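Input: a single structure, listed below in structure tokens.
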Amino acid sequence: MKVFNYLAASLLALGLAACGKAQETPAPAAPATKAAADMPTEGSRPAAAAVGEAAGNGSGQATGTIRSVGQNGDFLTIEHGPFDGIDMGAMTMGFGILDDVDLSGFAEGDAVSFMVKQGRDGSFRITSICNTATDGTDCLTKPGK
């Protein structure tokens, strides 16, 4: 019993000593974000965390097939190939939509070409999109797109 009391008292003393000597260390500073990534984030859902880190200005282009359209027309799930301009390989993932992008003419199964930009929160949002079956494979490079 004496050994147990001695051990308990020693552990208590060590714990109290450790609490008294604790020093607060500042958290490391977050890396600065680029001004080019300043985009609205309210109401948008973040994209999958499995994407690679953006290269350059965080903008890229890919082609794919729409797998689902969000109920409010503000979100698309696209099965896409690798992106040009950012380090993101082929996968199926969801994308938020910028306010000026109109999804009214798009449906599940549509083949699309689309541009994305990475926001301050790290998620990618569609900045422009076109239907490659009706508008051609170069539809994003045509004037007015």
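The values are calculated or read from the model by the stated rules, or taken from the named source; none is laboratory data. Worth saying up front: this structure is predicted, and the values here are computed from it rather than measured. Note that each Cβ is placed from the backbone with ideal geometry, even for glycine, and that neighbours are counted across all protein chains shown.
Of all residues in the stretch 90-127, which are farther than 15 Å from His80 by Cα, touching a strand residue (DSSP E or B) at 6+ places or on another chain (Cβ under 9 Å) and among the hydroxyl-bearing types (Ser, Thr, Tyr)?
Ser123, Thr127, listed by residue number.
Restricting attention to the stretch 112-145, which residues are of a type in the set (A, V, I, L, M, F, W, C) and either in a loop (DSSP other than H, G, I, E, B) or surrounded by 14 or more Cβ atoms within 10 Å (Cβ to Cβ) (or both)?
Val112, Phe114, Met115, Val116, Phe124, Ile126, Ile129, Cys130, Cys139, Leu140 - these are the residues of the stretch 112-145 that are of a type in the set (A, V, I, L, M, F, W, C) and either in a loop (DSSP other than H, G, I, E, B) or surrounded by 14 or more Cβ atoms within 10 Å (Cβ to Cβ) (or both).
Give just the number: which of (1) in contact with a Pro (Cβ under 8 Å, 6 or more places away or on another chain); (2) modelled with pLDDT of 95 or more; (3) hydrophobic (A, V, I, L, M, F, W, C) does Leu98 not satisfy?
(2)
I need every pair where a residue in the stretch 53-71 that is farther than 14 Å from Val112 by Cα has its Cβ under 9 Å from the Cβ of a residue that is at pLDDT below 90 and not in a loop (DSSP other than H, G, I, E, B), sequence separation at least 6 or different chains.
Ala54/Ala37; Gly56/Ala36; Asn57/Ala36; Asn57/Ala37; Gly58/Ala36; Gly58/Ala37; Ser59/Ala36
Could you please give the count of residues in the stretch 52-78 that are modelled with pLDDT under 50 and either outside any loop (DSSP other than H, G, I, E, B) or buried (at least 19 other Cβ atoms within 10 Å of the Cβ) (or both)?
Residues that pass the stated criteria total 1.
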